[in-house]
1. Any idea which residue in the stretch A:12-40 is nearest to A:Leu57 (Cα to Cα), counting only those that are without any contact (Cβ under 8 Å) to a residue 40 or more places away in the chain and aliphatic (A, V, I, L, M)?
2. Tell me, yes or no, whether the stretch B:172-186 has at least one residue that is outside any strand (DSSP E or B), touching a Lys or Arg at 6+ places or on another chain (Cβ under 9 Å) and in the same structural domain as B:Arg297 (by TED's automatic domain parsing).
3. For the stretch B:771-788: of the residues being touching a residue at least 12 places away in the same chain (Cβ under 8 Å) and small (Gly, Ala, Ser), which is nearest to B:Gly351 (Cα to Cα)?
4. Can you pull out the residues in the stretch B:795-850 that are closer than 30 Å to B:Gly506 by Cβ, of a type in the set (Lys, Arg) and part of a helix (DSSP H, G or I)?
5. Within the stretch B:844-878, how many residues are crowded, with 17+ Cβ neighbours inside 10 Å and more than 30 Å from B:Arg798 (Cα to Cα)?
6. List pairs: first in the stretch B:1-13 and within 20 Å of A:Gln88 (Cα to Cα) and at the interface with chain A (Cβ under 9 Å from one of its Cβ atoms), second at pLDDT 75 or above and in a helix (DSSP H, G or I), Cβ under 8 Å, 6+ apart or cross-chain?
7. Considering only residues that are touching a residue at least 60 places away in the same chain (Cβ under 8 Å) and surrounded by 15 or more Cβ atoms within 10 Å (Cβ to Cβ), look in the stretch B:623-652 and name the one that is nearest to B:Arg674 (Cα to Cα).
8. Tell me which residues, restricted to the stretch A:51-73, are among the β-branched types (Val, Ile, Thr) and either surrounded by fewer than 17 Cβ atoms within 10 Å (Cβ to Cβ) or facing another protein chain (nearest Cβ under 10 Å) (or both).
Amino acid sequence: MSEKKDVWQGTLALMVLKTLDTLGPLHGYGIARRIEQTSGDLLAVNYGTLYPALLKLEQEGYIRSEWGVSDNNRRAKYYKLTRAGKKQLESEAREWEKTTSILARFLSPGEEPS
Amino acid sequence: MRHLRACALRLANVFRKRQSDEEFAAEIESNLQMHVEDNLRSGMGKEEARRQALIRLGGVEATKEMYRERRGLPIVDTLFQDVRFAARVLRKNPGFTLVAVATLALGIGANTAIFSIVYSMLLRPLPYKNSSRMVTVHTRTAMFPTFDISASWPMFQAIRQRATALESAAAYQSTEKTITGQGEPAVLDAANVSRDYFEQLGAKAGIGRLLSEEDYKPGQQLVAVISDKLWRTRFASDRAIVGRTLILDKQIYAVVGVAAKNLRFPDRADLWMPLSLTPDIEENHTFFMFQILGTLREGESHERLSAQLASIAQELVKLKPALGKDLKIISQPLLENTVGDARESYLVLLGATAFVLLIACANLTSLLLARGWGRHREMAMRAALGATSRRLRRQCLVESCLLGLLGGTAGIGVAILGVDAFRAMAPAGTPRLDEITTDWALIWFSLASSLLAGFVFGAVPSRRAARIEPLEILKEGGAGGAGTFPKFGNALVVLEVALAFVLLTGSTLMVQTLAHLIRQNPGFRTENVLTFDLPQPPAPAAPDQNKETFANQQIERIREICDNVGHLPGVQEVAAADHGVLSGMRYVHSGLELEDAPSDQSVLQGSVMERYISPKYFRILNIPLVRGREFDQRDMRSAPKVIIVNESMARKYWGSIDVLGKRISISMAGKGKREWNEVVGVAADVRDLDIQSKAEPEFFMPLLQRSVRSYHLFVRSEGRADALASAVSRQIWASYPDQPVTHVTTLQKTISETIGDQRLHTVLLGTFAAIGLSLALLGVYGVISYSVSRRTQEIGVRVALGAGPGDVLRIVMRQGVALIACGAAIGLAAAVAMTRFIAGELYGVKPNDPATLLIAFLLILFVGSTACWIPARRAMRVDPMVALRYE
């Protein structure tokens, strides 16, 4: 079974913010595709998780949304990073790096903590 | 911060669901279309592209649901649903809703009304600066160990200097001033106040100014500050009042200002003037004429002040042994002093209304329970469709709280009417009567208690509803679930009856008290007697010769007034005394000496009531003289001194009523020279102090032999006494235009005023008992008729098996009467424990009067059985065929 992993709740917000930071304003479908592509199709974004997560970020003021027109002339709702969202992205990214580096140290074999 | 923002947005979204739903649907749709286009681009067929996109999108409805949950606040959403649903349910059962709301409105309304009164009277701070720290200081001496009397000037100075627990202290003298000149002469309550009096109270002037340092300097123009009330009533709110002059006790005073409206201290004062002292008074240790108002220092305790006052008292006694070892200086918080004895009776009333509310809650609990049983299937259905037990429980609570709020809102109306009625009925002496208002406190209290009540009476029914087993009930199909309702409902009925019993007992005791008071015969005739006061100007200070002339003039004048009034048409007879009867006013005299008693017993211990009376006093009041004669024209100022005593006094001091010719001296023993008065008459004992007190030893002296501060006149009329009032005043003013005529009333009215408090409290307690009892009966009726309807089938079977109507009646009645008897028995025990709280108000009946308890018991049993009778009759008419087919 070729298992695609669902995105964990906490990390999805970070991925969304990073995607918007990199690509600029984007619609929900685009965000989902981008996350899947970036992960090398290892992750599957569940829309039932994505949209509430977008809504939550918007309610918290990290992103803003407005209706716009897509490349192929389709009306779509575009999400955009706000200044607060940028700050949040930086601090969350730092947090995440710290966490992964700690975990890496735990998991790397044979090294005694000095 | 972020959370708060998110919450606010979510809350806002609760109210714009549809718009946001449509928007999200559009977003999903555009998402789908983009996906399809991408798939087409990657070479899929049209059908396949759409199919794949739909698969990837997943369950659209589930996504929408999750989105919705994040969008709004689900808990608020469902709360709104519950409220809407509850409102619909209540609208659909108007009968039930009406009974429930009316029950609550009575319970909450009564409670809120009494709470407002208690709050305004006992809890709300007095409208003065630092009023919670204010105290009054009083003196008690050996001669009057049970009365609080005022302080002397040296005592006030000692307290001001040495009672360090007090931040400040002011002295004042309550007095009366006769105003003449403009309009009808009148007597005004006045206070002579020390320098820091107004500052102490934080009082402000409404117009002009309060008293200043200048006003206290000797030789200045006399000045007065008038009350807002006097300014409005006597001076028609004339803003040019400042600088005008008043004639008070024949002296000219300049008005310097009108006090702000909230200044009502001392009680009912209309005038404030500078306190002036003579050197003589400043040194006089026994001139107990100054009332003291102090403010405790912040952080100081009342106990420390008491200790300091006690040591000041000891020092004063050391300095002046004549004050006597028993001299005590005591202090009392100002609020306590203002409210006095009223506190207890109003707390009792608050307790009574709490009982009413409890009964109402118990009643609603059983109503809701009974209805909840009927809605079993509905609840089961909802549970089967996925409602969690928490949700079911919440829905029931929302329903009961909504009922509570409806009841509370109606209760506010009841409370406002109640407080108005109270203000109209309350006797004038009720403390802080002007301050009793309906305000926000009332509304908050009412709403809070209605929500609380909603939770209380909703608690058990909602728990029941939540514990439902849908499968069991839906399977049963029929009436279903015998369960525990009857048991719990029975307990509620017992509780209601017990509470109602306590209320019933209390009000029965009060009704008996009132009946005793109304029937109480004072021992003299009170019909057709008009009474009023004729205050007299103060006697000149010195010398003695002036005093003598003044007294003669005064006596001459009162004699003439009595004559003039006596000749008015409709007047039968006129008499005068130095103070009125039945008003509770007590003039006492101590240090009497008997002539022919052994020397060690000649000075009488304790004090005896005294009264100065004119000829015809006993005749007008129809008080029999058991020995000797009444005073008459012989007993002039120059005639031999005579005295009349009452039976009690004769018996107490001589041991017999044959005391004519005995002699007695009323000048204070050891002070001045003895002056012997010969006993010329013995009067029968009557209740002349007030209607509730038995006769005490009392002696009578001729009024027309001395000058007094005020005369009190008794006019016996041929017809209705109060019809004479204006004719009498006019007659007096015709010859003496400056003579105030005050407190015009009749003896009958005086009696009814002295029992005003008891009458008011009886009416209130009686009302609460009536409400409580009828609610309890409604509860009994509800539970019994519910149980009858649930037992229809059983009764049908019994009838089919041969039970007659009498048997059926017995079954139902037995159940009801057992409950009532059980409740009444518990109530009896509670009443025995609780009636002592109203012991102080009772008259002529003991708190635990067995007859009263028995009557209350029988009454509640009787009316309770009547409440069972109706459902029992219904049970008797059960047709077995119908009942069995009912399955």
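The values are calculated or read from the model by the stated rules, or taken from the named source; none is laboratory data. Being a predicted model, the structure only gives us computed values, none of them experimental. Ideal geometry is used to build each Cβ from the backbone, glycine not excepted, and the neighbour counts take in all protein chains shown.
1. Checking each candidate, the answer is A:Met15.
2. Initial filter on the stretch B:172-186 (outside any strand (DSSP E or B)): B:181-185.
Next, only the ones that are touching a Lys or Arg at 6+ places or on another chain (Cβ under 9 Å) stay: B:182-183.
Within this subset, residues satisfying the condition of being in the same structural domain as B:Arg297 (by TED's automatic domain parsing) are B:182-183.
Within the stretch B:172-186 (the criterion being outside any strand (DSSP E or B), touching a Lys or Arg at 6+ places or on another chain (Cβ under 9 Å) and in the same structural domain as B:Arg297 (by TED's automatic domain parsing)), the answer is yes, since at least one residue qualifies.
3. Our first condition is that a residue be touching a residue at least 12 places away in the same chain (Cβ under 8 Å); within the stretch B:771-788, this holds for B:771-773, B:775-788.
Retained after the next criterion (residues that are small (Gly, Ala, Ser)): B:772, B:776, B:779, B:782, B:785, B:787.
Numbers: B:Gly772: 12, B:Ala776: 17, B:Gly779: 21, B:Gly782: 26, B:Ser785: 31, B:Ser787: 32 Å.
Ranking the qualifying residues of the stretch B:771-788, first place goes to B:Gly772.
4. We begin by selecting, within the stretch B:795-850, every residue closer than 30 Å to B:Gly506 by Cβ; these are B:813-850.
Those left that are additionally of a type in the set (Lys, Arg): B:814, B:836, B:846.
Across the stretch B:795-850, the qualifying residues are B:Arg814, B:Arg836.
5. 8
6. Pairs found: B:Arg5/A:Gln59; B:Ala6/A:Lys56; B:Ala6/A:Gln59; B:Leu9/A:Gln59.
7. By that ranking, first place goes to B:Lys641.
8. Keep residues of the stretch A:51-73 that are among the β-branched types (Val, Ile, Thr), which gives A:63, A:69.
Answer for the stretch A:51-73, where residues must be among the β-branched types (Val, Ile, Thr) and either surrounded by fewer than 17 Cβ atoms within 10 Å (Cβ to Cβ) or facing another protein chain (nearest Cβ under 10 Å) (or both): just A:Val69.
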